[in-house]
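Accompanying notes for the structure given below.
The values are calculated or read from the model by the stated rules, or taken from the named source; none is laboratory data. None of the values given here were measured: they were computed from a predicted structure. Using ideal geometry, Cβ is built from the backbone for each residue, glycine included, and neighbour counts are taken over all protein chains shown. All accessible areas refer to the heavy atoms of the entire protein, side chains included, with ligands and DNA or RNA removed. Shrake-Rupley method; radii C 1.70, N 1.55, O 1.52, S 1.80 Å.
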Amino acid sequence: MKVLHIYPPKSPSIVQYVSMLVGNDEALQTDDPKALRQLCTEQHPVIVHQHGCLNEDITNACLWARLQGIRIVLTPHGQLQPWEIDGAKTTKSLYLRKLQQLVSHAYTIIARSPMEAENLRKLNWNTRIETVANPIITRTTTTDNLVNSHQIIYRQVMDSNVLELMDTNTRNALRTLIKAAITQDERWVKPFESSSVNWHHLLIYAHQEGIASYVQQGLFVLRINIPAIESSPIYLPTLYKKPKPMGTIPLVDIINNIYELFQQHQLSLLPLVELNQALRRDDVEDDILMQQLSAEKLDVFLQAILPVVQEQTGLDEGFMPCQPTENSITRKIREQITKHLEI
């Protein structure tokens, strides 16, 4: 993977540290914020790794890179220690807010020692903290260990929020597998080419969204065998909560639970899958359901969520108890699903 390192000029120890990391043809490095923008545009790195955090121009450039969809990793090199932050609170308050924004959205912060890691936890700007010993300042590690540790971290970064990276074929395959699992019948779905699917992305996403059992059932129904894929740690948003199945409860309660999750900005794919499944029950009476939802003031919400349930889980129009409506609520629902695992 292509990683772009940026570091402050006239910082010999940081330059030496970066030089140990830049050991392959895909690694890029610069100490110039303007050059960073050009390199991002021309070389398309997947990760920008910022070293140090006292240079405002570099931080601004990394904030720009994040807006381009590039993932950020930060090694403060001791520059987020309490005494550094306390000194900046009065002299650089505006920059400090920018820095906090960058730190909070970095996929991970790499500390050089357990003490630095503990101080970063106390700072509470980002809970995704790794500790990698620096061979420049300690004999307890080596350059090889430094490089290998960073490669593991970079892989974790790229295995995080995989929906953002998922291609169209993989998204379509996921929807097909969900529908096959719900219907238990391959005749309800269109076949797809298994070799065109990024199974690594699909299975990671299914696990984090709580729908792995549906994917496995869909694979069984469609008689698809996939290669074994090792699970690995990933980085998750600070407020992430693993989705939990609702179980067999009345349909009105399912829709009410989805509405509450939506209000709490905790909506994930699993409740939509369960709604699809519940709407297919033989005992669903459309008129009675809509009367119950109207009494709970949930009828408009159901209309708004149906387009998303259809596009994400393959709900057929024949099982919709009302006409789907595309409105501002629909767009917010879609955004929550899309950004559920966003860092």
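Could you say whether any residue in segment 27-50 is small (Gly, Ala, Ser), outside any helix (DSSP H, G or I) and free of Cβ contacts under 8 Å to residues at least 60 places away in the same chain?
yes
Just one of the numbered conditions (1) of a type outside the set (Ser, Thr, Tyr); (2) in a helix (DSSP H, G or I); (3) closer than 30 Å to LEU270 by Cα; (4) touching a Phe, Trp or Tyr at 6+ places or on another chain (Cβ under 8 Å) is not true of ARG175; which one?
Among (1) of a type outside the set (Ser, Thr, Tyr); (2) in a helix (DSSP H, G or I); (3) closer than 30 Å to LEU270 by Cα; (4) touching a Phe, Trp or Tyr at 6+ places or on another chain (Cβ under 8 Å), ARG175 violates only (4).
Sort out which residues of segment 148-157 are hydrophobic (A, V, I, L, M, F, W, C) and buried (at least 17 other Cβ atoms within 10 Å of the Cβ), and write them in order of number.
Once the filter is applied, which keeps residues that are hydrophobic (A, V, I, L, M, F, W, C) and buried (at least 17 other Cβ atoms within 10 Å of the Cβ), segment 148-157 yields ILE153, VAL157.
Does at least one position in segment 117-129 carry a residue that is aromatic (Phe, Trp, Tyr) and closer than 23 Å to GLU342 by Cα?
Yes; the residues of segment 117-129 include at least one that is aromatic (Phe, Trp, Tyr) and closer than 23 Å to GLU342 by Cα.
Read through the list (1) open to solvent by 30 Å² or more (accessible area, probe 1.4 Å); (2) over 23 Å from the mean Cα position of the chain (by Cα); (3) within 27 Å of ASN172 (Cα to Cα), then give the number of the only condition that LEU306 fails.
Of everything listed in (1) open to solvent by 30 Å² or more (accessible area, probe 1.4 Å); (2) over 23 Å from the mean Cα position of the chain (by Cα); (3) within 27 Å of ASN172 (Cα to Cα), LEU306 misses just condition (1).
Mind listing just one residue for me: the one in segment 1-17 that is over 27 Å from the mean Cα position of the chain (by Cα) and open to solvent by less than 30 Å² (accessible area, probe 1.4 Å) and, of those, farthest from GLY69 (Cα to Cα)?
Looking at residues that are over 27 Å from the mean Cα position of the chain (by Cα) and open to solvent by less than 30 Å² (accessible area, probe 1.4 Å), I get SER11.
Go over the candidates VAL73, VAL46 one by one and state the one that is surrounded by fewer than 21 Cβ atoms within 10 Å (Cβ to Cβ) and modelled with pLDDT of 95 or more.
VAL46
With the condition kept exactly as written, say whether any residue in segment 331-338 is surrounded by 13 or more Cβ atoms within 10 Å (Cβ to Cβ) and part of a loop (DSSP other than H, G, I, E, B).
no
Could you say whether any residue in segment 144-154 is part of a loop (DSSP other than H, G, I, E, B) and out of contact with any His (no Cβ under 8 Å at 6 or more places or on another chain)?
no
Within segment 235-276, restricting attention to residues that are part of a loop (DSSP other than H, G, I, E, B) and hydrophobic (A, V, I, L, M, F, W, C), which residue is most open to solvent (accessible area, probe 1.4 Å)?
Step by step, filter segment 235-276, then rank; the result is LEU239.
The conditions are (1) part of a helix (DSSP H, G or I); (2) out of contact with any Gly (no Cβ under 7 Å at 6 or more places or on another chain), and PRO191 fails exactly one of them. Which is it?
Failing condition for PRO191: (1).
For every residue, the table says whether it meets (1) out of contact with any strand residue (DSSP E or B) (no Cβ under 6 Å at 6 or more places or on another chain); (2) open to solvent by less than 40 Å² (accessible area, probe 1.4 Å).
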site: LEU99; (1), (2): yes, yes
site: LEU102; (1), (2): yes, yes
site: ARG112; (1), (2): yes, no
site: ASN124; (1), (2): yes, no
site: THR131; (1), (2): no, no
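Here are the criteria: (1) assigned to a helix (DSSP H, G or I); (2) surrounded by fewer than 19 Cβ atoms within 10 Å (Cβ to Cβ). Tell me which single one ILE58 does not satisfy.
(2)
Output the number of the condition that LEU202 fails; it satisfies all remaining conditions of (1) surrounded by 14 or more Cβ atoms within 10 Å (Cβ to Cβ); (2) farther than 30 Å from ILE109 by Cβ.
Evaluating LEU202 over (1) surrounded by 14 or more Cβ atoms within 10 Å (Cβ to Cβ); (2) farther than 30 Å from ILE109 by Cβ leaves (2) as the failure.
Is it true that ARG97 is more than 30 Å from ILE204 (Cα to Cα), part of a loop (DSSP other than H, G, I, E, B), modelled with pLDDT under 95 and basic (Lys, Arg)?
no
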